[in-house]
Amino acid sequence: MAAGYLEILRARHAARLLVGTLVGRLPNATAAIAIVLFVRAEGGTYSLAGALAAVYGVANAVGQPVLGRLVDLHGQPRVQLPAAVASALAMTVFAAVGTAPAPLAYAAVAASGLFTPPLEGGLRALWPSVLRREDQVHTAYAMDAIAQEVMFTVGPLLVTLCVSLWSARAALLVLGVLGVLGALSVVLSPPSRAWRSAPREAHWLGALRSPGLLALLAAFLFIGMALGSITVAAVPYADGHGGDAVYGWLMAALGLGALAGGAVYGARQWAGPPERRLRVLVAFLAVCYLPLTLMPGAVAMVALTALAGVFLAPSIACAFVIVDRHAPSGTVTEAFSWLVTTFTVGASVGTGLAGPVVQAGGALWGFAVPGAAGAVSLLVLLGTRTVLAAPAVTGVVAASSENDPNRAVEPRFSSGDRA
């Protein structure tokens, strides 16, 4: 299993791009907890902390596809690095002024979220030019999904470490510096500097003019809802089965399951179109959410939560391939950024929906939400299978490949196809 991942990491520039992207995305991955801890340290209420974190999330969801389109138009260095600096400076202003005056705090947090660079989408746009072979690109997508789980596990630990060693204000500043350094490492790499998007047709919808991409985004909105609702439903369950420690284990198990599933998925090559494979993966994902409603003892519940996460990373990795197949020419970074935004919005909706459901029916009904959301996601994929059907891969060569900065003529593989 490890051989395939080691082959990817040994490719020139691959490890640098992966590590730089993960470091550069730490501010985004840890923003919510860092903001909450800082507001609490400043004497603010949890309502204010939640509102500021929500503003950051909404601004980030808006900024990602917008900046992704700018990357496609102007290249990565001209957009990614200035955006990272602007985001860090805005968070520095928030750290300096605190929660008063409130309008300035909200504006600073919103600006930080809005200017968060689309490093995630940018990395996926770079993989085909770095690895070239289709099977390696697909493995890299899986490794990318696994690395995200690691980042969302390590990131909060880094924040709490900074807070314990220094202060919540220092944590905001350290994260900003790390974000800029990560973006700098990526944009100074030869693949990032050389990458150019393919010529694009002028259209105000950009990547969203692809029906296949819209169908995929609709499905992943509900997958995001499922994930967001679990984080809320687990709270009342943990309250009755051991408290915060059990809640921590449940969340860790969800990430561990995703890590294991992504590692196995990326370690082998898969036959057949990814659109069909995604339907199977989402079906298993939805089914694995259902046992959560049994709510057994803490140990068994941790095992069920790990099972619920097993098919998440494989579904995300498979979606990366489909995005690449359906993104209109010249919009690959924007298309990947839309997937990030949709998943994030879905998670926020799921969190907001699960709250009233848990309030009305307890943890049992809360855990029913992810199962229902997973089922709706599968129905979307089944109902749009014709739209998602990718064009047949031919043996022709394609000049001006999306990810070929030299515009060399090379054999086309699936990630070069465009809807």
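Key figures
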quantity: Additional length obtainable on full extension of the chain from Val154 to Leu89, 0.36 nm per residue less Cα span; calculated: 21.0 nm
quantity: Relative contact order of the chain, defined on C-alpha pairs under 8 angstrom at six or more residues apart (%); calculated: 25 percent
quantity: Probe 1.4 Å, protein heavy atoms only - accessible area per residue of the chain in square angstrom; calculated: 40 Å²
quantity: For the chain, calculated [θ]222 nm from helices alone, where every DSSP H run of n ≥ 4 adds -39500 (n - 2.57); calculated: -26000 deg cm²/dmol
quantity: Carbon and sulfur %, accessible surface of the chain computed with the full protein complex present, 1.4 Å; calculated: 71 percent
quantity: Cα gyration tensor shape of the chain, rounded if a/c is under 1.5, else prolate or oblate by comparing a/b with b/c; calculated: oblate
quantity: Cut-off 11 Å between beta-carbons: net charge of the residues surrounding Met151, Lys and Arg +1, Asp and Glu -1; calculated: -2
quantity: Of Arg124, Arg196, Arg132, the one that fluctuates the most in a GNM where the chain has Cα springs shorter than 10 Å; calculated: Arg132
quantity: Mean Cβ neighbour count within 10 Å, used as a protection proxy, ranking 342-353, 363-374 highest first; calculated: 363-374, 342-353
quantity: Cα gyration tensor category, rounded, prolate or oblate, for the stretch 172-254 with a/c compared to 1.5; calculated: oblate
quantity: Burial order of peptide ranges 106-119, 47-60 (average beta-carbon count within 10 Å, highest first); calculated: 106-119, 47-60
quantity: Chymotrypsin sites (Phe, Trp or Tyr not before Pro) within the stretch 240-298: DSSP coil, no more than 16 neighbouring Cβ in 10 Å; calculated: Trp270
quantity: Global geometry of the stretch 54-100, whether rounded, prolate or oblate, following the gyration tensor of its Cα atoms and the 1.5 cut on a/c; calculated: oblate
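The values are calculated or read from the model by the stated rules, or taken from the named source; none is laboratory data. These numbers come from a predicted model, not from an experiment. Cβ coordinates were reconstructed from backbone atoms using ideal geometry, including for glycine residues, and neighbour counts include every protein chain displayed. Ligands, DNA and RNA are excluded from the accessible area calculation, which covers all protein heavy atoms including side chains. Shrake-Rupley method; radii C 1.70, N 1.55, O 1.52, S 1.80 Å.
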